[in-house]
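Undergrad: Here's a structure for you.
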Amino acid sequence: MKKLISTGAIKNIALVGISKNAGKTSLLNSILKDFPRLSRAVMSTGIDGESEDRVFKTPKPQVHLYRGDMFCCDADTLSLHGSSVSVLHSSRYSGRKLYLAKAEADLDTQITGPSALRYQREMIDVMHRLGAKKVFVDGSLDRKSIALDDSIDALILAIGASFGSPEQIIGEILRLIILRDIPVVKLSGYRYKRLKQSRTILVQAGERWQDTGIASLINNEKKVLELLDKNPRALFVPTSFTDFLYEKMSRAMARPDFQLILRHPECMKLNIGNLKKLQKHTKLNCLIPFKLAAFALNSTATGRDPISADRFREDIRTAFPQETFYDIMEI
């Protein structure tokens, strides 16, 4: 973790969880505490640092900032802190005014950020222009989230016991590791840019890529199967690929010379069984890699029976001896 946080080339880090109450705020607080000399800024793709869980009404940690830290907040939070913060920048995003503030003293707070991806990118750029060497984004595993955008240099995954049983948690970690290890497709700069800009499914016949005009696999299964019947070299899918779609198309894609290219591995919403079968029978690539760089464990299970922290850590570390799992309370 120390190497990841301190590496200068890694400027933007997203913290994501495998479920709600996975421990992202505790993870963020641990990082901010243990790396005090960083010039840094924090933001969220939603609202984080609430003092109470909205569903279970249990206490939650606020984001603990130190003097000099930059953060994104709304007018209510800004007003709450008064002279403890100074405003560096303000802008309106989708009708909502947000502020980039600097903590003038140590404080506990909520953080927020723009909801739209392009505005999230803009906020990160502003943070860097105003001096942040490192930006931490409290994000989510959503294909439309900046956490999965190529502007993010690394992801840290918070693994909370709230997700489910140890078996379910291990299965989800395995699924995410498989997605992480999907290789980036090798294309010329022009072709890479064309695929990246496309919002429709593309098919490669021979050396040429053709735009199918199909925006989604969903409700277009018959059209896509007709394309696959012509034995194309590759198919580029910029949208979700689900278990339902896989069951319909698996036979047509089960060719060793066929390449399925996903915009991002998280576009593939397959259960672990189907994911393994697809990986076995089809060449998988992606445009934007799943930059999963570290795992952080949180044995607290909000809304569930308590689990032994030692057993929680042992079960996961035993299942994945080749991976390093940090404990949120030990970072």
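The numbers here are math on the coordinates, done by the rules we state, and not lab data. Because the structure is a prediction, the values reported are computed rather than measured. Note: ideal-geometry Cβ built from the backbone for every residue, glycine included; neighbour counts use all protein chains shown.
Undergrad: Does LEU141 meet the test of being surrounded by 18 or more Cβ atoms within 10 Å (Cβ to Cβ) and assigned to a loop (DSSP other than H, G, I, E, B)?
TA: On the way: surrounded by 18 or more Cβ atoms within 10 Å (Cβ to Cβ): yes; assigned to a loop (DSSP other than H, G, I, E, B): yes.
Yes.
Undergrad: Between a residue in segment 226-249 that is without any contact (Cβ under 8 Å) to a residue 40 or more places away in the chain and any residue that is assigned to a strand (DSSP E or B) and among the basic types (Lys, Arg), which pairs come within a Cβ distance under 7 Å, given they are 6 or more apart or on different chains?
TA: PHE241/LYS269; THR242/LYS269
Matching residues to (1) under 28 Å from LEU297 (Cα atoms); (2) small (Gly, Ala, Ser):
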residue: ILE111; (1), (2): yes, no
residue: TYR119; (1), (2): no, no
residue: ALA154; (1), (2): yes, yes
residue: LEU157; (1), (2): yes, no
residue: GLY164; (1), (2): yes, yes
residue: LEU176; (1), (2): yes, no
residue: ARG191; (1), (2): no, no
residue: GLN204; (1), (2): no, no
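Undergrad: Going through segment 90-134 one residue at a time, which ones are of a type in the set (A, V, I, L, M), in contact with a Lys or Arg (Cβ under 8 Å, 6 or more places away or on another chain), farther than 17 Å from GLY49 by Cβ and part of a loop (DSSP other than H, G, I, E, B)? Spell out how you get there, then give the answer.
TA: Pass one, segment 90-134, residues of a type in the set (A, V, I, L, M): 98, 100-101, 103, 105, 107, 111, 116-117, 123-124, 126-127, 130, 132.
If we keep only those that are in contact with a Lys or Arg (Cβ under 8 Å, 6 or more places away or on another chain) as well, we get 98, 103, 105, 117, 132.
Then keep just the ones that are farther than 17 Å from GLY49 by Cβ; that gives 117, 132.
Within segment 90-134, just ALA132 meets the criteria.
Undergrad: Run down PRO36, PRO59 and say which single residue is free of Cβ contacts under 8 Å to residues at least 12 places away in the same chain, surrounded by fewer than 16 Cβ atoms within 10 Å (Cβ to Cβ) and not basic (Lys, Arg).
TA: Numbers: PRO36 fails: free of Cβ contacts under 8 Å to residues at least 12 places away in the same chain.
Matching residue, one of PRO36, PRO59: PRO59.
Undergrad: Counting only residues that are farther than 15 Å from ASP138 by Cα and either in a helix (DSSP H, G or I) or under 13 Å from the mean Cα position of the chain (by Cα) (or both), how many does segment 6-37 have? Spell out the reasoning first.
TA: To start, the set of residues in segment 6-37 that are farther than 15 Å from ASP138 by Cα comprises 6-10, 33-37.
Filter again for either in a helix (DSSP H, G or I) or under 13 Å from the mean Cα position of the chain (by Cα) (or both), leaving 6, 33-34.
Count: 3.
Undergrad: Another question, then. Given the criterion surrounded by 23 or more Cβ atoms within 10 Å (Cβ to Cβ), touching a helix residue (DSSP H, G or I) at 6+ places or on another chain (Cβ under 9 Å), farther than 25 Å from PHE163 by Cα and in contact (Cβ under 8 Å) with a residue 24 or more places away in the chain, identify the matching residue among GLY23, GLY113, GLY49, GLY17.
TA: Working: GLY23 fails: farther than 25 Å from PHE163 by Cα; GLY49 fails: farther than 25 Å from PHE163 by Cα; GLY17 fails: farther than 25 Å from PHE163 by Cα.
The conditions single out GLY113.
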